[in-house]
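Chemist: First, the structure itself, so that you have it in front of you.
The values are calculated or read from the model by the stated rules, or taken from the named source; none is laboratory data. This structure is a prediction, so every number in the text was calculated from the model and none was measured. The area values use the complete protein model at the heavy-atom level, side chains included, leaving out ligands, DNA and RNA. Shrake-Rupley method; radii C 1.70, N 1.55, O 1.52, S 1.80 Å.
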Amino acid sequence: MIIAIDGPSGSGKSTVARSIARRLGITYIDTGAMYRCVTMWCLEHEISATDEDATVRAAAALDIDLAYHDGVQQVLVNGIDCTRAIRSAEVDANVSSYAALPKVRALLVEKQRRLAQAKHVVAEGRDIGTAVFPSAEVKIFLTANAQARAHRRAVQRAGGDVASGSIVSTTKADEAAILANLLHRDDVDSHRKTAPLKAAPDAFHIDSSDKTVDEIVSIICARAQPYLDSAAAATSASTQPAADRDAAAGASAAASAAHTERYSWFYAHAMSEFPRASRVFLAVLCAILFPVTKLLWRWRCFDEIDVHALAGKPYIVVMNHVSAIEPLITMLYLHHKKIPLRTMYKSEFNRHRFVAYLFAIAGGIPVVRASADMTCMHWCTQALSRGEWLLVYPEGTRVRNLDIKPPIRAGFAFLALRTHADIIPAAVSGAFSIAQARSFVHKFSRVCIGFAAPISSHTSSTSPHAEGSARMSKKKMLELLERESMNRVYTLRDELKARFHTRA
């Protein structure tokens, strides 16, 4: 789960985020401090904000570490404590200029997403809910009137702490100068071309002008608690010992992280932008596999809709998962139809470099299972925003017993609501018997896949209600989409079996 807190300078984002991290026991990512570190370094080494390439090189070379001791954050730059230095007036006056550089933001955003992978985090900044973590479960836009923000910043700069009640005296001249700087930063941050300061459409607005830190933290924690409870329930439902599960997950993550990083460019870009050599290799591979798989499994597709006519619009394809056959056939079929398909797959496959490369050029997007992998969610959101299709297996893993319905991962429903992409239920029949067959002859039975009519993710019957009940409404919408989509998948599976006389 990710809590994203956005807002203008001095609104109390850092103080609130730190308090939330302590109360919920989750990780705090101070994104603003990272931009301040780059700004401080560039100012010290006379690197102008107009020289974007030099700034990017400097940012890439910096070792920025956000350490915590007794609940107090320390910002280390190349091993040196710069916690106070990055809050200077000079950094305040220049940080917006450096933070507005697109290449700098891209570099730091990737670092921030890696920090948030597979863990619960709270992050604050100016574009967290809109650009860094657009799929965050809880989005907050925290603001306050300009005078209150200027006073807080003056107290902070003088060594006081509004949150703890440690208030020091400040002069009106100090606050006036800070107020002018804040208003200037608000204007720059709100009008920059790359990731401007603005509230996400689904963000919850909080005015902190007349609220205490504890009041704000309580409001946000109340909105986050249902997601934490869901994650805890999913973890406790597993029968695998926690120590063994954590060890296995750690080993798998360590083995695949390097290759995931190596091919992350493919996950973040449109398939049409892939290098020509990769696209040619994929085309040749598909040209070979298409007739071979046709011969082996005599597979065919049944469409309730004209799939080709839907090309160019984003859709999320949800399908039952029983073997490695149906992802391959689905990819080959849609590739033949000239539809760019991204397939979500478990990151463990990336332990092998060549396999990771094959999955990458075929449009695969890795996900760290049993975690809130927001980096994967971001890649999927980007793909859908470009009009690409996304293939998801909500059952999470291959089903080995058709008499038992596995628990469904509703991430696809969340993506559908976030991106306004409709859902296409799809099903496979025949692949289960092939996967389970002991006889060599039965390994080459008939396989059928089908695509049903899309299910709308943004009809009036599932639109959010009043702001006060938005959280409950969103939960109901997720449940509705999940149930309706998977019921149609299983119905279609049975229809295929009966119509084409396939095995299970």
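Chemist: Show Trp41, Trp297, Trp265, Trp389 ordered by accessible area, largest first, where the area counts protein heavy atoms only and the probe is 1.4 Å. All intermediate terms of the calculation are to be shown ahead of the outcome.
Modeler: Details: Trp41 65, Trp297 35, Trp265 105, Trp389 5 Å².
Descending accessible area places them as Trp265, Trp41, Trp297, Trp389.
Chemist: Hey, what's the range 78-154 come to in accessible area per residue, 1.4 Å probe, Å²?
Modeler: 35
Chemist: Run the reach check for Lys443 against lysines, Cα to Cα strictly under 16 Å, same-chain hits fewer than 8 apart removed. What comes back?
Modeler: Lys294
Chemist: OK, next. How far, in nm, would the chain grow between Ala93 and Arg353 when pulled straight, counting 0.36 nm per residue and subtracting the alpha carbon separation?
Modeler: Residue separation times 0.36 nm, minus the Cα-Cα distance, leaves 89.1 nm.
Chemist: At 0.36 nm per residue, minus the direct Cα-Cα distance, what do Lys198 and Lys119 gain on full extension? Give it in nm, one decimal, please.
Modeler: The span from Lys198 to Lys119 would gain 25.9 nm if fully extended.
Chemist: I've got another one for you. With a 1.4 Å probe and every protein chain kept in, tell me what percent of the accessible surface of the range 56-113 is carbon plus sulfur.
Modeler: The computed percentage sits at 55.
Chemist: Further, regarding this structure: If the limit is 25 Å between Cα atoms, which of Lys119/Lys475; Lys119/Lys193; Lys139/Lys313; Lys119/Lys405; Lys111/Lys475; Lys119/Lys211 go over it?
Modeler: Violating the 25 Å Cα-Cα cut-off are Lys119/Lys193; Lys139/Lys313; Lys119/Lys405; Lys111/Lys475; Lys119/Lys211.
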